[in-house]
Amino acid sequence: MKTLALAATLLLAAGVVHAAPYAGADIQAGKKTAEQKCNACHAKTAGGDGSSIYTRKTSQIKTSDLLTQQMEMCDSMGHGKLSDTERKNVLGWLNSQYYHFK
Ligand code: HEC
């Protein structure tokens, strides 16, 4: 029973974080991290400096959940694992610069 209550609390807590995924993000730090850890690989796919991958017409990233999922998938393919803070900052930057989810 205790375990169930704990699980419910954790789920609730996750829900709260989830509701404001970009709150408190350091946009400039996120931009820097993305330049260091994301651009080179995207440049191979999208050309240029890689940033056009975020504005491609075929983008399937229609919600903030999908943006988070894509970043996590990309991060697991990349070399450096992002810290929680880096993830938040990179998501904040991507959202403010390109995706504009609420
Ligand atoms: C190992 C290579 C690689 C690395 C490193 C990488 N990505 Fe990606 N990323 C890709 C590829 C390939 C795609 C296109 C996937 C597809 O077409 O479905 C992509 C697509 C994306 C998209 C979707 C763009 C759109 O709107 O269509 C986002 C967002 C994204 N990456 C974020 C990131 C972030 C943030 C990082 C750094 C933390 C990162 N990626 C690092 C390979 C990479």
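Taken together, the values in this text are just the output of simple stated rules run on the coordinates, not laboratory data. No experiment lies behind these values; they were computed from the predicted model shown. When we count neighbours, we look across all protein chains shown, and the Cβ atoms used for this are built from the backbone with ideal geometry, even at glycine.
What to note about this one:
- All Cα-Cα distances of the stretch 29-99, cut into 10 Å bins from zero to the largest, leave 20, 61, 19 percent in each bin in turn.
- For the stretch 29-99, a crude dipole built from +1 on the beta carbon of Lys and Arg and -1 on the beta carbon of Asp and Glu, taken about the Cα centre, is about 160 debye to the nearest 20.
- Average Cα contact separation per residue, the stretch 29-99, under 8 Å, 6 or more apart, as relative contact order %: 46 percent
- Inter-site label distance for residue 4 and residue 46 at 7 Å from Cα along Cβ, in nm: 4.7 nm
- The alpha carbon centroids of the stretch 74-88 and the stretch 32-64 are separated by 15 Å.
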